[in-house]
1. Run the simple label-point estimate for K239 and E151 please: 7 Å along Cα→C-beta, distance reported in nm.
2. Starting with the highest mean, order 76-83, 233-240 by the number of other Cβ atoms within 10 Å, averaged over the residues of each peptide.
3. Return the subset of K94/K239; K221/K251; K52/K76; K8/K51 for which the Cα-Cα distance in this structure is over 21 Å, preserving the input order.
4. Taking amide hydrogens as modeled 1.01 Å from N in the peptide plane, which residues meet the under 5 Å criterion relative to I92, leaving out close sequence neighbours?
5. With a ≥ b ≥ c the root eigenvalues of the C-alpha gyration tensor of the stretch 120-167, is it rounded (a/c under 1.5), prolate (a/b larger than b/c) or oblate?
6. Could you tell me the center-to-center distance, by alpha carbons, between the stretch 97-118 and the stretch 166-208 in angstrom?
7. Over the stretch 136-267, with every protein chain in place, what whole percent of the accessible area is carbon and sulfur at 1.4 Å, could you tell me?
8. If amide H atoms are built 1.01 Å from N in the plane of the peptide, which residues on other chains or at least 5 residues away come under 5 Å of the amide H of K221?
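The values are calculated or read from the model by the stated rules, or taken from the named source; none is laboratory data. Everything quoted here is computed from the prediction, not taken from an experiment. Using ideal geometry, Cβ is built from the backbone for each residue, glycine included, and neighbour counts are taken over all protein chains shown. To get the accessible areas, we keep the full protein, side chains included, count just its heavy atoms, and leave off ligands, DNA and RNA. Shrake-Rupley method; radii C 1.70, N 1.55, O 1.52, S 1.80 Å.
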Amino acid sequence: MAQILSGKVVAKAIFANIKKEIEEHQLKPKLVIIIIGHDPAAEFYVQNLEKKGSKIGISVQTRKFTADISEADILKEISLLNDDKSIHGIMIQKPLPSHVAESKIVLAIDPAKDMDGFHPVNIGNMILDQAGFIPSTPAAVLEMLRFYNIETAGRKVVILGRSNIVGKPLANLLLRKDQTGNATVTVCHSRTKNLAEITNQADILIAAIGRANYVQPEMIKQNVVVIDVGVNQIVDLEKGQKYVGDVDFEKCSEKCSMITPVPGGVGTVTTAVLLNNVLKSTKKLTVQDNFIDEKWLKK
Ligand code: NAP
């Protein structure tokens with residue numbers, strides 16, 4: 001039977017460390033989240049961030065705008081946030097209304113305050129293995145690997161999905177010459193042929209495709225480590241609505257050596273990693289240079 005890799009304990013350790021550092025260095029981290037229009041799932045996520053933040057000493061402030069706000073006004077708001085020295089992190093909650101171009105919004109955020117790590121400067125730094133912010137979901141996967149001492153060096157990692165927010169950054173991060181890198185990485189997508197043949201070679205399989213229970217036991221080899229990033233809502237006859245991953249947990253877990261649950265796996269760590277970015281940004285923006293370790297942003 002597989003070891004279940006709980007994200008909760010990983011998140012707890014990250015939150016405890018953030019709280020400790022804030023208290024130790026008497027920091028006053030502040031994250032501002034812009035939310036446009038009304039989306040219950042997005043509002044729920046943001047409220048959760050506010051609650052978590054207040055527990056560990058990070059002020060999370062949400063600025064709400066109606067869906068008819070112009071792109072120019074949002075860009076103006078971002079510019080004010082960039083200039084405000086009391087603010088250390090900016091996050092734009094999706095979804096955005098169709099008249100607001102995501103690419104313009106991402107470019108407008110000061111890379112030093114870009115908590116999502118989507119600005120091209122941060123993406124470039126990540127690929128070049130330089131200091132910068134890393135998108136939360138791939139960073140959460142790395143935290144899971146690190147916490148559970150999962151060896152990646154020389155192992156075959158197959159990633160399902162090539163999105164800009166999960167698959168592509170993860171592939172780059174796993175190639176780094178560090179503790180959670182040095183892997184031999186294969187990235188699969190919807191045009192990949194003979195998918196099961198490739199997934200069967202994986203020592204570590206990371207699924208991020210958004211297809212409920214897509215990965216079945218015949219697609220994985222014995223003792224594989226499975227990291228399931230997928231979060232899919234399905235209708236369950238007994239429980240009503242429920243969330244499942246991209247991997248059929250019940251059927252596959254017997255074959256894995258380790259597997260992350262959904263919910264309670266990678267997603268749980270994402271919030272912690274995002275708030276950790278706010279801590280890093282606060283240290284960088286408010287504390288004297290000698291306080292900062294050279295690798296302050298990389299871990
Ligand atoms: P996305 O932008 O829709 O990308 C999905 C990727 O999967 C695409 O590259 C697509 O290929 C590929 N794909 C789709 N069907 C496939 C198939 N049958 N075989 C192989 N590849 C297939 O999704 P995303 O934003 O990366 O999210 C992926 C999943 O992760 C979703 O379930 C999402 O809810 C979840 N997620 C979780 C978190 C978290 O915090 N836990 C955060 C973000 C996302 P093409 O490129 O060819 O279309």
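1. If labels sit at K239 and E151, their model points lie 3.5 nm apart.
2. Order by mean packing, descending: 76-83, 233-240.
3. Working: K94/K239 28 Å; K221/K251 13 Å; K52/K76 28 Å; K8/K51 16 Å.
Flagged as over cut-off: K94/K239; K52/K76.
4. I34
5. Numbers: a/c = 1.77, a/b = 1.47, b/c = 1.21.
Prolate.
6. 27 Å
7. 47 percent
8. HN-HN under 5 Å from K221: A202.
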